[in-house]
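The structure under discussion appears below in the form of structure tokens.
The values are calculated or read from the model by the stated rules, or taken from the named source; none is laboratory data. Given the structure is predicted, the values throughout are model-derived calculations rather than measurements. Neighbour counts run over all protein chains shown; Cβ positions are idealised from the backbone, glycine included.
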Amino acid sequence: MNKYILVLCVFALAFSSQAQEMGNILIKNGTVITISDGVKENTDVLVTNGKIKKIGKGIKAPENAKTIDATGKFVMPGIIDAHSHIALETVNEATNPVTSEVFVGDGLDPQDVAIYRALAGGVTISHAMHGSANAVGGECETIKHRYGTWDPDELRMQGAPRTIKFALGENPMRVHGEGRNITPNTRMGVEQVFRKAFAEAEMYKKDWADFNSGKTKTPPVYSRRMETMKDILNGEIIIHCHSYRADEILMLMNVLSDFGVKKICFQHVNEGFKVAPELAQFGAGASVFSDWWAYKFEVYYSTAYNAAILSRNGVVTSINSDSGELIRHLYHEAAKTQRYGDLSDNEALKLITINPAIQLGIDDRVGSLEVGKDGDIAIFNAHPLSIYAIPQMTIVDGVVKFDIENDPDDMRIDIDPEEKFQDSFIELDSEDEDRCMQDVFSELFLGETHKH
Amino acid sequence: MTKSKHFKLELLGLFLCMFFVNIGFAQNSNDAKEVTNTYYIKNAFVVQKPGMVLPNTSVLIKDGLIQSVGPNVEIPFDAKVIDADSMYVYAGFIDACSHAGIKEEEKKDRPRVKNPGNPPKKLAGITPQKTVREAIGEKLDKSMAELRDLGFGFVHVVPRGRMLPGQGSILTTGSGATDETLVKENTSLFTQFKPARGMFPATTIGVMSQFRDLYKNAEYSNTYLKSYNMQPKGLTKPNHSAELGAMFPVVNKQMPVFFYTAKVRDVNRALILNNELGFKMVLTGVRQGWPLMDEIVAGKHSVVLSMHLPEKIEDPEEEKEEDKEDAEKEEKSGEKEEGEKKKEKKKKKKKKEEDPALAMMKAKKKKSHDEYVGQAALFEKKGIAFSLSSLDTKTKEIKPNLLRMVEGGLSEKGALAALTTNPASLLGISNVAGTVEQGKIANIFITDKSFFDKESKIKYVFNDGGLKEFKEKKKKKKGSKGDDVSVIGTWNYTVEVPNDTQTGIMIVDGSDDNLTIRINSADEPEDFVDATNIDLDGNNLTFDINVEGIPYSIDVTLEGTDFEGSVSVAEFGSFPMTGSLKDGPK
């Protein structure tokens, strides 16, 4: 018993050392865009111990709280990006059409300076995703942009639901079909990869149930791949599926219906506007680009009205970056839906706040300014949908993580003690526009470069 | 040299082989031609263990064991006495994790596999069943002798490879056959976050998953095997793979996993797996572990730090000094000279100094450098009894880096503990190694000054019962009287082997920094072989030759028109070699 207590103590210690920093902050007299409860002029927001304690007028600052004057400024919930690849060492384990056994959270890079750049765009949470090389990719991780830490565990948003990357269409076909002449070589083949994986998982589930109940005596082979597929069948994991064409989107919804899987958000989903009612009926989310297409054959049939059409048809829609550059101005991307589709201010801002939160299953904690939610806040000098808006301050868990008034040139954390300097310019690692297919071609083929 | 013709040196090898087989002599040291196996180290400072130096103390060694240590040890009649006045005796260092003795793998093309998603385990770098014996193969790599010459007496050797290269064993740094140098076999499982090439696991996240998969399956198979062994009736025969079988001691928490975790993210990954699965773990080859110090302390993890350090950055102070000197020089000579150029130069220099972005980056780089160098001191301060590893560290950098760690705040006592008592206890060999105490294996070494003195040199190394003496290399002084004999020319040589004397000629040509050497045997005067790795350091000449697969290393000291030294022949040992100049340079 004593030994047991000791073990518990050690665990408690280990856990406490990973505890995230929680801040106290009072933001005075701003225009507060709550998302869930309208816009409040000249209003204060109080965050204590990392959570929103109070929203109202004339709130007095507690002793230990930092006070920020937001007079003339706009206060909104921290922006959430439902599709990104920042803060990742590795994006694609491209060796198999199904790699549900891997988890990008095992390869988090908290020293990635792209996290700070995202903060400078008001983004407090991103969905660090596996790439799209495989029909079933790896599990993804929802991270909070607590830049400044060495410990990958501090980036994780504890308690966020598990998510996994799926991919339809040309990427898995090219990597596995063209690359190795195995299934999937066609869109039909992609469907069969899903069906086979789910069917195997059902058998796997039964085999283990039989073993655990004593019906069989020899343990089945333990498989991380099948464990994850089984958890999807059990509704424990939200699928985020790379997709473009309407026919394939319908196909995957059919497959999921056959296996009783409900939680899915389609990513990119450029032809989503063609099947918006069907998506709404299924309860599937859609995370889109504002106006980006034609980078690949299957992405030509697209429209900048996509987000507006999906939203107005009742699909929970978000706008994502899939890029270390776009992530810095998602508020611009959201504003485009007012030019293309006439969305209201709140509808447009929902695309980068509460809607991605719903798609990631974290809307009970973030995505709007409400008492009890996390103190993740972005402050702008103008309305965030204005072309003149510049982020002023970004707060995560009540801790200021970006402040335009205190924004040093060099925010790198992990400094190579043997780095070489060049005389005339400083070489910082440049972020590729898109890392969906990172690691794929370097590992499997040589000399090809690809997007998406 | 053609294959049909026989070179006498090859015969020499065969001959030696017969000789040793006949008398059944267990070869131990490459220089061994000893007449006694009893040694008496007289009147030294004996560093018995970290922090304990015994002055005027003698050590008696017999049959490779420390017989006694004390002020009044009697000298046996058959002992070779080493007068060690003012010298220091240390317990042989212990390298807590290394690939020493194992040849580096040749670079091969990426293997092609039919199904990269499920490749053969071996190609995917998963061979936990591989042993150090297999990894070393027939011939011990010279990296082991290099460690020995630095004072290392024991090495925890792990196979080279990718994710799961195999199991570690503890060896002495002797040059005998693996069987003879083994202290403890298959004591650890070596693991790295090193993905396979173009097949699963092709990424670090794949390695994480694969490790969990193997571990869980090993647990299930192991449990099943146990119940089957208790009552096989009615149960299907167990059929686990060799890979899983090799992991049973790990899942039974008998065998520690030495996890190679150089950088902070690898440390984190290993901690994640360890928290999940609960195996015995040693964080190994750690270069950048301080950011996760709190977790390491809280989890009471065993740590082996790397002896690798980043390139040294000179203190900005020193740079400033240089600038000052420059400025002074300028002042002295400057005034009269045309000012134009000078001014411009000064301007440029000033401009460079004033670039604040670059200055800031340089300061950050220096800070980072200091953190790497100061890591060992920080671990000591936190009370972590760490050991040290030579993984990924160049041999010649080991001592300078140890001294840099001490400069960075690590105590000498702490450094010595990290090289002796800590690894001995980590590896479970405290009863035979780690201190200069009676009954322990006499793998010890003697230095002329304290080891941590920059100028200190090793004078003697005892290893597996043998003694190697390091003679000071006399530097050839150019232009000094009578010493001006070049190595260029044709030399007669004689090698004494048991019951035989070999002779021949050696032709040295070229210039001092670009020598060529051709050598023959008197029995086959027409056949010359070309030497490789020729090095002339002062009057010390070393080179290698290879005769039909058998490597010979020659190490001689030139004294005027004569030379004296030895030739080492692969596993057979080393033999005295002498020579004299036949014809000087034309």
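Collect the residues in the range A:148-177 that are under 19 Å from the mean Cα position of the chain (by Cα), away from chain B (no Cβ under 14 Å) and not polar (S, T, N, Q), keeping them in residue-number order.
Within the range A:148-177, A:Met157, A:Gly159, A:Ala160, A:Pro161, A:Arg162, A:Phe166, A:Ala167, A:Leu168 meet the criteria.
Name the residue that is farthest from B:Asn115 (Cα to Cα), counting only residues in the range A:151-185 that are buried (at least 23 other Cβ atoms within 10 Å of the Cβ) and among the polar types (S, T, N, Q).
My answer is A:Thr163.
Only one of these is within 14 Å of chain B (Cβ to nearest Cβ), touching a Leu at 6+ places or on another chain (Cβ under 9 Å) and surrounded by 24 or more Cβ atoms within 10 Å (Cβ to Cβ): A:Ala82, A:Ala87. Name it.
A:Ala87
Restricting the search to the range A:309-344, which residues are among the β-branched types (Val, Ile, Thr) and in a strand (DSSP E or B)?
Of everything in the range A:309-344, those that are among the β-branched types (Val, Ile, Thr) and in a strand (DSSP E or B) turn out to be A:Thr317, A:Ile319.
Go through (1) surrounded by 19 or more Cβ atoms within 10 Å (Cβ to Cβ); (2) under 23 Å from A:His130 (Cα atoms) for B:Ala218 and report which single condition fails.
The single condition B:Ala218 does not satisfy is (2).
For the range A:363-371, check the following and say yes or no: at least one residue is part of a strand (DSSP E or B) and within 14 Å of A:Val123 (Cα to Cα).
no
Exactly one of (1) over 23 Å from B:Phe211 (Cβ atoms); (2) touching a helix residue (DSSP H, G or I) at 6+ places or on another chain (Cβ under 8 Å); (3) part of a loop (DSSP other than H, G, I, E, B) is unmet by A:Thr95. Its number?
All conditions pass for A:Thr95, except number (1).
Which one of these is surrounded by fewer than 20 Cβ atoms within 10 Å (Cβ to Cβ) and in contact (Cβ under 8 Å) with a residue 12 or more places away in the chain: A:Asn313, A:Asn306?
A:Asn313
Considering only the range B:87-111, how many residues are farther than 17 Å from B:Pro423 by Cβ and either part of a strand (DSSP E or B) or of a type in the set (Ser, Thr, Tyr) (or both)?
The number of residues fulfilling the criteria is 2.
Please specify each residue of the range B:454-467 satisfying the condition of being among the aliphatic types (A, V, I, L, M), under 15 Å from B:Asn37 (Cβ atoms) and within 18 Å of the chain's Cα centre (by Cα).
Within the range B:454-467, none qualify.
Of all residues in the range A:90-113, count the ones that are more than 7 Å from every other protein chain (Cβ to nearest Cβ) and without any contact (Cβ under 8 Å) to a residue 40 or more places away in the chain.
1
Look at A:Leu279 and say whether it is over 20 Å from A:Phe198 (Cβ atoms) and assigned to a helix (DSSP H, G or I).
Yes.
Does at least one position in the range A:123-134 carry a residue that is of a type outside the set (A, V, I, L, M), within 14 Å of chain B (Cβ to nearest Cβ) and under 20 Å from B:Ile272 (Cα atoms)?
Checking the range A:123-134: at least one residue is of a type outside the set (A, V, I, L, M), within 14 Å of chain B (Cβ to nearest Cβ) and under 20 Å from B:Ile272 (Cα atoms).
Every residue, every condition in (1) surrounded by fewer than 22 Cβ atoms within 10 Å (Cβ to Cβ); (2) among the hydroxyl-bearing types (Ser, Thr, Tyr); (3) touching a Leu at 6+ places or on another chain (Cβ under 9 Å), yes or no:
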{"site": "A:Lys215", "(1), (2), (3)": "yes, no, no"}
{"site": "A:Pro219", "(1), (2), (3)": "yes, no, no"}
{"site": "A:Tyr222", "(1), (2), (3)": "yes, yes, no"}
{"site": "A:Met226", "(1), (2), (3)": "no, no, no"}
{"site": "A:Met229", "(1), (2), (3)": "no, no, no"}
{"site": "A:Leu233", "(1), (2), (3)": "yes, no, no"}
{"site": "A:His240", "(1), (2), (3)": "no, no, yes"}
{"site": "A:Tyr244", "(1), (2), (3)": "no, yes, yes"}
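Run A:Met203 past the list (1) crowded, with 21+ Cβ neighbours inside 10 Å; (2) farther than 22 Å from A:Thr142 by Cβ and report the number of the one that doesn't hold.
(1)
Which pairs have Cβ atoms under 8 Å, sit 6 or more apart or on different chains, and link a residue in the range A:219-242 that is touching a residue at least 60 places away in the same chain (Cβ under 8 Å) to one that is surrounded by fewer than 17 Cβ atoms within 10 Å (Cβ to Cβ) and assigned to a loop (DSSP other than H, G, I, E, B)?
Sorted first by the residue in the range A:219-242, then by its partner, the pairs are A:Glu236/A:Pro161; A:Ile237/A:Pro161; A:Ile238/A:Pro161.
Please verify whether the range A:54-67 includes one or more residues that are within 9 Å of another protein chain (Cβ to nearest Cβ), part of a loop (DSSP other than H, G, I, E, B) and of a type in the set (Asp, Glu).
no
Mind checking which residues of the range A:332-369 are at positive phi and either in contact with a Gly (Cβ under 6 Å, 6 or more places away or on another chain) or free of Cβ contacts under 8 Å to residues at least 60 places away in the same chain (or both)?
Of everything in the range A:332-369, those that are at positive phi and either in contact with a Gly (Cβ under 6 Å, 6 or more places away or on another chain) or free of Cβ contacts under 8 Å to residues at least 60 places away in the same chain (or both) turn out to be A:Gly341, A:Asp342.
Could you name every one of the helices (runs of 4 or more DSSP H) located completely within the range B:138-248 that has at least 2 residues being more than 9 Å from chain A (Cβ to nearest Cβ) and among the acidic types (Asp, Glu)?
Once the helices (runs of 4 or more DSSP H) in the range B:138-248 are filtered for at least 2 residues that are more than 9 Å from chain A (Cβ to nearest Cβ) and among the acidic types (Asp, Glu), what remains is B:143-149, B:178-181.
So that you can scan it fast, the table gives a plain yes or no per residue for (1) over 18 Å from the mean Cα position of the chain (by Cα); (2) part of a helix (DSSP H, G or I); (3) within 14 Å of chain A (Cβ to nearest Cβ):
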| residue | (1), (2), (3) |
| --- | --- |
| B:Ala359 | yes, yes, yes |
| B:Asp370 | yes, yes, yes |
| B:Ala377 | yes, yes, no |
| B:Ile398 | no, yes, no |
| B:Asn401 | no, yes, yes |
| B:Val406 | yes, yes, no |
| B:Leu410 | yes, no, no |
| B:Lys413 | yes, yes, no |
| B:Leu416 | no, yes, no |
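Can you give me the number of residues within the range A:130-185 that are of a type in the set (Lys, Arg) and part of a loop (DSSP other than H, G, I, E, B)?
Count: 1.
Please count how many residues of the range A:408-452 are away from chain B (no Cβ under 14 Å) and modelled with pLDDT of 55 or more.
The total comes to 2.
Can you say whether B:Phe451 is modelled with pLDDT under 95, of a type in the set (A, V, I, L, M, F, W, C) and under 21 Å from the mean Cα position of the chain (by Cα), as far as the supplied structure shows?
no
Please go through the range B:379-396 and pick out each residue that is assigned to a helix (DSSP H, G or I) and either within 11 Å of chain A (Cβ to nearest Cβ) or touching a Phe, Trp or Tyr at 6+ places or on another chain (Cβ under 6 Å) (or both).
The answer is B:Phe379, and nothing else.
Which residue is surrounded by the most Cβ atoms within 10 Å (Cβ to Cβ), if the candidates are limited to the range B:121-137 and must be of a type outside the set (A, V, I, L, M, F, W, C) and assigned to a helix (DSSP H, G or I)?
B:Arg133
Answer with yes or no whether B:Asn274 is within 13 Å of another protein chain (Cβ to nearest Cβ), closer than 22 Å to B:His301 by Cβ and outside any strand (DSSP E or B).
yes
Is there any pair linking a residue in the range A:386-401 that is without any contact (Cβ under 8 Å) to a residue 40 or more places away in the chain to one that is assigned to a strand (DSSP E or B), with Cβ under 8 Å and at least six apart or on different chains, and which?
A:Ile390/A:Phe380
Do we find a residue being loosely packed, with under 15 Cβ neighbours inside 10 Å and touching a Gly at 6+ places or on another chain (Cβ under 8 Å) anywhere in the range B:511-520?
Looking through the range B:511-520, at least one residue is loosely packed, with under 15 Cβ neighbours inside 10 Å and touching a Gly at 6+ places or on another chain (Cβ under 8 Å).
Which pairs do you get when a residue that is within 15 Å of B:Ile550 (Cβ to Cβ), found in the range B:518-532, comes within reach of a residue that is β-branched (Val, Ile, Thr) and modelled with pLDDT under 85, reach meaning Cβ atoms under 7 angstrom, with the pair 6+ apart or on two chains?
From the range B:518-532, the pairs are B:Val529/B:Val547.
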